[in-house]
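Contents: one structure, followed by commentary.
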Amino acid sequence: MTCNSESTIMRWTMSGLCVLLVMSMGTALAAEGTFAVHPVGTVVKTDDKTVLEILPKYRDALKGLDGFSHAIVLYWFDRNDTPEKRSILMVHPRGDQRNPLSGVFATRSPVRPNLIGMSVCKIRSIQDGRVFVESIDAFDQTPIIDLKPYISHIDCPAVATVPEWATGSHDGRR
């Protein structure tokens with residue numbers, strides 16, 4: 001898959017698991033505006049399990065993760081990568097027209113300028129470079145770009161507010 005636009009070039013090679021992002025942030029950041037993101041693994045889903053398959057060269061980075069009950073998984077929404085979807089800046093959260101039109105930075109929409117997804121996953125076990133998780137909101141073969149331990153006192157502020165639509169009160173979800 002290749003996506004070209006005036007400000008972004010993305011190359012995704014399935015066989016080589018290579019993602020290249022070239023960002024042009026204007027003249028002020030011209031020297032610093034180029035970076036590469038390399039997948040560290042892929043999501044593997046079967047009927048009965050969900051596995052974060054970590055590439056061999058990154059498996060040492062899993063040391064100590066087994067001491068945590070949950071992990072934050074950052075991944076690339078590779079199947080949404082089109083110039084049209086990257087240009088969508090406002091959506092109705094959860095695709096529900098009853099929710100107010102909101103900027104994508106105020107939602108969890110998979111369409112956004114940079115297609116980075118995030119899920120907090122319960123870790124079932126870690127074996128041979130494979131992190132078995134309860135579930136993840138990503139498709140099979142989605143490229144994983146990073147893992148971080150979930151640390152409740154850091155990742156869950158004691159006092160946080162959200163808009164009413166985010167509580168799920170009008171659709172029965174909480």
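The values are calculated or read from the model by the stated rules, or taken from the named source; none is laboratory data. What you see is a predicted model, and the numbers here were worked out from it, not measured in a lab. Note: ideal-geometry Cβ built from the backbone for every residue, glycine included; neighbour counts use all protein chains shown.
Going by what's in this entry, would Thr82 be described as at pLDDT 95 or above, under 19 Å from Ala138 (Cβ atoms) and of a type in the set (S, T, N, Q)?
When the stated conditions are applied, Thr82 does not pass them.
If I go through segment 35-69 residue by residue, how many of them are farther than 16 Å from Val133 by Cα, surrounded by 12 or more Cβ atoms within 10 Å (Cβ to Cβ) and of a type in the set (Phe, Trp, Tyr)?
Looking only at that region, the number is 1.
Residue by residue, here is whether (1) over 29 Å from Pro83 (Cα atoms); (2) touching a residue at least 24 places away in the same chain (Cβ under 8 Å) holds:
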site	(1), (2)
Arg112	no, yes
Ile116	no, yes
Lys122	yes, yes
Gln127	yes, no
Arg130	yes, yes
Gln141	no, yes
Asp146	no, yes
Val162	yes, no
Gly168	yes, no
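If Ser24 meets every condition in (1) touching a Gly at 6+ places or on another chain (Cβ under 7 Å); (2) hydroxyl-bearing (Ser, Thr, Tyr); (3) modelled with pLDDT of 65 or more apart from one, which number is that one?
That leaves (3) as the condition not met.
Hand me the list of strands (runs of 3 or more DSSP E) wholly inside segment 97-174 holding 2 or more residues that are modelled with pLDDT under 95, outside the structural domain of His70 (by TED's automatic domain parsing) and over 18 Å from Ala61 (Cα atoms). So that I can check it myself, show each step before the final result.
Working: elements: 116-127, 130-133, 143-149.
Once the strands (runs of 3 or more DSSP E) in segment 97-174 are filtered for at least 2 residues that are modelled with pLDDT under 95, outside the structural domain of His70 (by TED's automatic domain parsing) and over 18 Å from Ala61 (Cα atoms), nothing remains.
Could you tell me which of the residues Arg108, Arg130 is crowded, with 16+ Cβ neighbours inside 10 Å, out of contact with any Phe, Trp or Tyr (no Cβ under 8 Å at 6 or more places or on another chain) and among the charged types (D, E, K, R)?
When all the criteria are applied, what remains is Arg130.
In the set Asp155, Asp146, which member is surrounded by 11 or more Cβ atoms within 10 Å (Cβ to Cβ), closer than 11 Å to Leu52 by Cα, of a type in the set (Asp, Glu) and out of contact with any Ser or Thr (no Cβ under 6 Å at 6 or more places or on another chain)?
Every option except Asp146 fails the conditions.
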